[in-house]
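Colleague: Once you've had a glance at the structure underneath, I'll fire off some questions.
The values are calculated or read from the model by the stated rules, or taken from the named source; none is laboratory data. Note that the coordinates shown come from a computational prediction; the quantities given were computed from them, not determined experimentally. A quick note on method: Cβ atoms are made from the backbone with ideal geometry, for glycine too, and the neighbour counts reach across all protein chains shown.
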Amino acid sequence: MFHRWLIQALYIRRQVISEKVYFKEEQRIDQLGIKLFMAATTALSLVSFLLADWGPPIPVELAMTMMGVAFALIWVNIMVFAMKFETRITNRGIYYKYPPIVWKWKQVTYQELADWRIRKYSIWREFGGPGHKNKLFKKEKGIIINGDQGLELTFKNGKRLLLGTQRPGELKIAIKRAKGEESAESWERRKHLH
């Protein structure tokens with residue numbers, strides 16, 4: 001039993017070591033408006049809960065509801081501010097995760113793709129805000145945190161996935177390198193130009 005586990009662990013380690021990483025990016029929600037709104041709503045619910053204790057007596061059910069709302073808002077704030085969206089480009093494909101929504105690394109192999117491109121988008125008009133989004137009645141998903149540019153992946157089955165990025169130029173070059181579309185020499189020349 002142990003030898004099977006050891007062989008599996010060594011095989012997985014060999015696969016990970018054989019992967020060459022061309023690009024890594026981590027993003028967190030940095031939009032001041034969202035942070036202020038979340039902090040204000042949480043503070044308001046806590047203050048109203050505390051003020052209710054000093055005023056005239058209120059029903060227990062209302063006090064419990066107010067306390068539940070306050071703690072739920074605190075929990076949501078902690079989750080939102082702790083969340084980070086990670087992207088990796090390797091020779092085996094494109095990886096992404098966005099805990100707690102997408103806990104494990106999701107892999108998109110280059111063979112699954114019909115096309116890919118870097119494009120501009122409107123975070124509010126197209127997706128209704130940052131986060132992990134599904135467009136209704138369309139075969140499109142998006143994980144967008146900040147900015148207005150992303151990597152749009154079009155799959156052979158017609159579905160699309162938009163992964164937001166703060167470094168679109170580097171991402172584009174990394175995918176070309178990972179797919180073997182750009183030589184190491186031209187990569188070095190570009191690196192020295194920037």
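Colleague: Can you tell me which of (1) surrounded by 18 or more Cβ atoms within 10 Å (Cβ to Cβ); (2) in contact with a Ser or Thr (Cβ under 8 Å, 6 or more places away or on another chain); (3) closer than 23 Å to L32 by Cβ is the one D148 doesn't meet?
Modeller: Looking at each condition in turn, D148 falls short on (1).
Colleague: Would you pick out the residues in the range 48-65 that are modelled with pLDDT of 75 or more and under 36 Å from the mean Cα position of the chain (by Cα)?
Modeller: M64, T65
Colleague: So which residues in the range 115-159 are in a loop (DSSP other than H, G, I, E, B) and touching a helix residue (DSSP H, G or I) at 6+ places or on another chain (Cβ under 9 Å), if there are any at all?
Modeller: Passing the criteria: Y121, G129, P130, K135, I145, N146, G147, D148, K156, N157.
Colleague: Consider only pairs whose beta carbons are under 8 Å apart and that are at least six residues apart or on different chains; among these, list those whose first residue lies in the range 18-30 and is assigned to a loop (DSSP other than H, G, I, E, B) and whose second residue is at pLDDT 90 or above and among the hydrophobic types (A, V, I, L, M, F, W, C).
Modeller: Partner pairs satisfying both residue conditions: K20/A178; R28/F85.
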